[in-house]
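Asker: One structure, pasted below without further comment.
The values are calculated or read from the model by the stated rules, or taken from the named source; none is laboratory data. Being a predicted model, the structure only gives us computed values, none of them experimental. Don't worry about glycine lacking a Cβ; one is built from the backbone with ideal geometry, like all the others, and counts go over all protein chains shown. Heads up: the accessible areas ignore ligands, DNA and RNA and are worked out on the full protein's heavy atoms, side chains in. Shrake-Rupley method; radii C 1.70, N 1.55, O 1.52, S 1.80 Å.
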Amino acid sequence: MVQVSYDTENSEKKTEDFFTLFDVVCASCCSEKELIRLDNICAKNSIMFFSGSVFGYYGYMFADLNQHEYAEEMPNQKKICNTEGEPANKIPRLNDEQSRTVKKQASFVQLQRALNVDWNAEENLMKLKKTPFIYFILKVLFEFHLHNGRYPDTKHLEEDGKQLECLRSKWLPQALGIESEVIPEDFWKYCFAELSPVCAVVGGILGQEIIKAVSQKDAPHNNFFFFSGLDSTGLVDRIG
């Protein structure tokens, strides 16, 4: 029998002791500051942390599983005896279709580190072009929330659109020291509302990763998953 309970109080009002009651914490629609606070609490108490949200056509998932051990099924390589001169059908094959379970470990970084990468550092310059652009859209959206206490809303389409444009063109180069071209110029048009197909994909991946983490079976996504509904592509990238 599974007992389901709920608590409608804002997570920001919850103390650390509240979250230590759980093995997994999954946060959505929170501010950057609150997500970092929750992840820090989880990391301190060895609790698995997930976050994810959808902004129009864009969605993301983040996982911090600390030091995570898991089991993965690995296929055995075909071993063929070197019997020179024998017909192929008489050469014995060993472990042809069998597989073996291998124990592995993955190390995760905390959200604060993943969101505060120094993109001007030499070791990160080469990674910049390969980093999914939705990561930088996420940074812009977090900054938008910092100033407005909310994420973009269709009720303020024109006003919010202008502010998002300004954050891309001015805040992004000043705050991160990178060119605004890392984000498409018209990105803001696709950041409003929560589109159900995008929610289905991101929510499905998020649920899948939680199950994998709890069961400790199969390799987890480490550490970001980004999805774009514009071209139906999903990318996993380890940032930080």
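Asker: Do we find a residue being surrounded by fewer than 18 Cβ atoms within 10 Å (Cβ to Cβ), touching a helix residue (DSSP H, G or I) at 6+ places or on another chain (Cβ under 9 Å) and outside any helix (DSSP H, G or I) anywhere in the range 55-62?
Answerer: No, the range 55-62 contains no residue that is surrounded by fewer than 18 Cβ atoms within 10 Å (Cβ to Cβ), touching a helix residue (DSSP H, G or I) at 6+ places or on another chain (Cβ under 9 Å) and outside any helix (DSSP H, G or I).
Asker: Looking at the range 105-136, which of the residues that are within 17 Å of PHE226 (Cα to Cα), assigned to a helix (DSSP H, G or I) and at pLDDT below 95 is most open to solvent (accessible area, probe 1.4 Å)?
Answerer: Per the stated criteria, the residue is LYS127.
Asker: All but one of (1) touching a residue at least 12 places away in the same chain (Cβ under 8 Å); (2) surrounded by fewer than 16 Cβ atoms within 10 Å (Cβ to Cβ); (3) touching an Asp or Glu at 6+ places or on another chain (Cβ under 8 Å) hold for PRO173, so report the exception by its number.
Answerer: For PRO173, the failing item is (1).
Asker: All but one of (1) open to solvent by less than 10 Å² (accessible area, probe 1.4 Å); (2) more than 22 Å from GLN3 (Cα to Cα); (3) not in a helix (DSSP H, G or I) hold for SER46, so report the exception by its number.
Answerer: (1)
Asker: Do we find that VAL140 is at pLDDT 95 or above, out of contact with any His (no Cβ under 9 Å at 6 or more places or on another chain) and outside any helix (DSSP H, G or I) in this structure?
Answerer: On the way: at pLDDT 95 or above: yes; out of contact with any His (no Cβ under 9 Å at 6 or more places or on another chain): yes; outside any helix (DSSP H, G or I): no.
Criteria not met by VAL140.
Asker: Of the residues ASP7, ASP17, which is modelled with pLDDT under 95, open to solvent by 40 Å² or more (accessible area, probe 1.4 Å) and outside any strand (DSSP E or B)? Before you say what the answer is, go through the steps one by one.
Answerer: Numbers: ASP17 fails: modelled with pLDDT under 95.
The match here is ASP7.
Asker: Sort out which residues of the range 178-232 are over 19 Å from PRO152 (Cβ atoms), of a type in the set (Gly, Ala, Ser) and either touching a residue at least 60 places away in the same chain (Cβ under 8 Å) or surrounded by 18 or more Cβ atoms within 10 Å (Cβ to Cβ) (or both), and write them in order of number.
Answerer: The answer is GLY203, ALA213, ALA219.
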